[in-house]
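A.B. asks: The structure under discussion is supplied below as structure tokens; questions concerning it will follow.
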Amino acid sequence: MGKSSRAKQERRSRPTLSVEQAGLVTSLRGIENRYATIWPSWIKDLDSLKALRGRDPAFNWPDWCLVPVGLTNNLVKLAATAGCPEDQNNSGEPAMGLRITSEVAAMYAWRQGKGIYYFDETLAAALLETEGTDMLPVEALMHLPEWGICIPVPRALEAQLPGYGTVDICGNGK
């Protein structure tokens, strides 16, 4: 099978995305591209850091952790001193570096599998009925299906979960 035939077959086998899903994918790709523009080697740098795991006591972290956020923060700071702006929005906020570190760590984890998961309507309704004091066992977060996942918060839950589903990591003011 030639290259063009394989490409056609891949296009046919992809699921059709809703407008909302396509918008989410576009936003996630936009974040990746933004970091590729301001820090072209960000993925390669994090891959190199991940490869150091276990080679030295300073680079020994648990199996459930892809790359520690603290080490990612060090890379972000190094990139900033090398001319990659730590605060590309020029907000002047001291916490902006931590925000960028969090975004970089989350995007790096997400791009390992690029999984996007959705709450079904029954689960969303059950979550609405759950008492706010119920705690999710931390152990459940140690066995996710991928390193990083994207779960858009359904509109029905946004009002019940202030701050969730409205996080502006795409830089579009939502």
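Every number in this text was worked out from the coordinates using simple rules, so none of it is lab data. The shown structure was predicted, so the numbers you read here are calculated from the model rather than taken from an experiment. Here the Cβ is made from the backbone with ideal geometry for all residues, glycine too, and neighbour counts use every protein chain on show.
A.B. asks: When a footprinting reagent is the concern and you count Cβ atoms within 10 Å, what order do Y117, Y35 take, fewest first?
C.D. replies: Working: Y117 11, Y35 21.
The most exposed by this proxy come first: Y117, Y35.
A.B. asks: Which whole-Hz ³J(HN,Hα) couplings does the stretch 67-80 yield from phi under the Karplus relation 6.51 cos²θ - 1.76 cosθ + 1.60, θ = phi - 60°, glycine and proline marked x?
C.D. replies: With the stated coefficients, the stretch 67-80 comes to 8, x, 4, x, 5, 4, 4, 4, 5, 4, 5, 5, 4, 5 Hz.
A.B. asks: While we're looking at this one, here's another question. Measuring from a point 7 Å past the Cα of L52 along Cα-to-C-beta, which residues in the stretch 101-124 have an amide N at less than 19 Å?
C.D. replies: Output list for this probe position: 101-102, 104-106, 108-109.
A.B. asks: At F59 and Y117, where each label point lies 7 Å from the Cα along Cα→Cβ, what is the point-to-point distance in nanometres?
C.D. replies: 3.0
A.B. asks: Starting with the highest mean, order 61-73, 119-131, 17-29 by the number of other Cβ atoms within 10 Å, averaged over the residues of each peptide. Walk me through the numbers on the way to the answer.
C.D. replies: Details: 61-73: 15.0, 119-131: 11.2, 17-29: 12.7.
Those peptides, ordered most packed to least, come out 61-73, 17-29, 119-131.
A.B. asks: Let's test the formula: R0 of 41 Å, r as the Cβ-Cβ distance of K77 and E129. What FRET efficiency results, to the nearest 0.05? All intermediate terms of the calculation are to be shown ahead of the outcome.
C.D. replies: On the way: r = 44 Å, r/R0 = 1.08.
Efficiency for this residue pair is about 0.40.
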